[in-house]
Amino acid sequence: MVAVTVEALVDAPCPRVGVTITGLGVGDSVVSVWRSADGLREPVRGARRVSLVDSTYLIDYDAPLSRPITYEVEVISGPSGADRVTSSSVTVNSDTGWLMDPLVPQSAIPVVGGDGDDGPYLRGEALAQLEYAADVSLISVMGSDKPMALFGQRMAARGVPLSMGTRSAEQNARLRDLLMSSALVLFRPIPGFGIDLPGSMFVTVPSAVEAPVDVAWGGNLTWWDLKADTVAAPTLKVLTATFTYGDVALLFATYQQKQDAATGTYLDDLKHPLG
């Protein structure tokens, strides 16, 4: 019988959800995993129509923060036939929002709504207004003072002001490195930011303007002027490993030592690859 369990993980590199799927049976199963939060149901990145055997463990780095989330495992085909199973609710508590390259979890940096030194902070004009545009063409009709309208679907928020400030050289360097590494970032706000935003926002930042405020005379305050457009999530999950062969080599001299350390099941090793 298919089962799904979830757990909130708040250690490095960023808050996330671990999802354990068991009971698929012997043989190949085709599975999609869905996440529901704030009334929105979305596929978990990297877990759409994947082939699995019996059980697996996956990590959702895009999980919305400080709000209830449920996960649904949709078995499209497999030894036991089609099925749907929904997890219990899980909440990933966080006092800050998070900004990261969606393909590099280690790039994640905390974002505070105002006071606080945990990371860059949102300036007063950030998230002040959201624009939802639709492509509209007006066609004049002979003999009528009212044109016909051709229009497309209204898009997700564009031109979202994400202006930030940094209070230390380290914060500024991390934010600069993130913005320089990719024009696509994942922004996960918390409800305390004071505006109704999706829990996971994939946005492009075409232009990033860095403005040192008092750095020239020994200070550390830097302002960043950012405007973001909401886009679809990338299909890839991650491009970089969260642990490497070098990490394993530091802990274990031989492969046999690694095997001896893995005293649990295959799933346990997936969850804790370094023992």
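The values are calculated or read from the model by the stated rules, or taken from the named source; none is laboratory data. Fair warning: this is a prediction, and the values are worked out from it, not measured in the lab. Here the Cβ is made from the backbone with ideal geometry for all residues, glycine too, and neighbour counts use every protein chain on show.
Points to keep in mind about this one:
- Candidates 115, 95 - the one that is on the phi < 0 side of the Ramachandran plot and in contact with a Gly (Cβ under 9 Å, 6 or more places away or on another chain): 95
- Test: residue in segment 84-91 that is touching a strand residue (DSSP E or B) at 6+ places or on another chain (Cβ under 6 Å) and buried (at least 17 other Cβ atoms within 10 Å of the Cβ): yes
- Residue within segment 180-201 that is surrounded by 13 or more Cβ atoms within 10 Å (Cβ to Cβ), modelled with pLDDT of 90 or more, over 20 Å from the mean Cα position of the chain (by Cα) and among the polar types (S, T, N, Q) present: no
- Pairs where the first residue, in segment 101-129, is within 17 Å of residue 193 (Cβ to Cβ) and the second is assigned to a loop (DSSP other than H, G, I, E, B) and of a type in the set (Asp, Glu), C-beta under 6 Å, 6+ apart: 110/118; 112/118
- For residue 71, the test of being surrounded by 10 or more Cβ atoms within 10 Å (Cβ to Cβ), touching a residue at least 12 places away in the same chain (Cβ under 8 Å), not assigned by TED's automatic domain parsing to the domain that holds residue 188 and not β-branched (Val, Ile, Thr) is passed.
- Every condition in (1) within 20 Å of residue 198 (Cβ to Cβ); (2) surrounded by 15 or more Cβ atoms within 10 Å (Cβ to Cβ) is met by residue 39 except one, and the failing one is (2).
- The single residue among 66, 51, 55 that is closer than 27 Å to residue 182 by Cα and polar (S, T, N, Q) turns out to be 66.
- Cross-chain or 6+ apart pairs with Cβ under 8 Å, segment 158-175 first and assigned to a loop (DSSP other than H, G, I, E, B), then hydroxyl-bearing (Ser, Thr, Tyr): 167/121
- Qualifying residue in segment 51-60 (condition: under 24 Å from residue 196 (Cα atoms) and either buried (at least 19 other Cβ atoms within 10 Å of the Cβ) or touching a Phe, Trp or Tyr at 6+ places or on another chain (Cβ under 8 Å) (or both)): yes
- Residue match in segment 86-103 (condition: within 16 Å of residue 190 (Cα to Cα), among the acidic types (Asp, Glu), within 20 Å of the chain's Cα centre (by Cα) and modelled with pLDDT of 95 or more): no
- A search for C-beta distances below 9 Å between a residue of segment 1-13 that is touching a residue at least 60 places away in the same chain (Cβ under 8 Å) and any residue that is basic (Lys, Arg) and loosely packed, with under 13 Cβ neighbours inside 10 Å, counting only pairs 6+ apart in sequence or on different chains, returns 2/84.
- When residue 17 is tested against (1) assigned to a loop (DSSP other than H, G, I, E, B); (2) at pLDDT 95 or above; (3) in contact with a strand residue (DSSP E or B) (Cβ under 6 Å, 6 or more places away or on another chain), just one condition goes unmet, and that condition is (1).
- Residue 197 within 20 Å of residue 112 (Cβ to Cβ) and in contact with a strand residue (DSSP E or B) (Cβ under 8 Å, 6 or more places away or on another chain): no
- Among the residues of segment 206-241, the ones that are surrounded by fewer than 13 Cβ atoms within 10 Å (Cβ to Cβ) and either within 27 Å of the chain's Cα centre (by Cα) or not hydrophobic (A, V, I, L, M, F, W, C) (or both) come to 12 in all.
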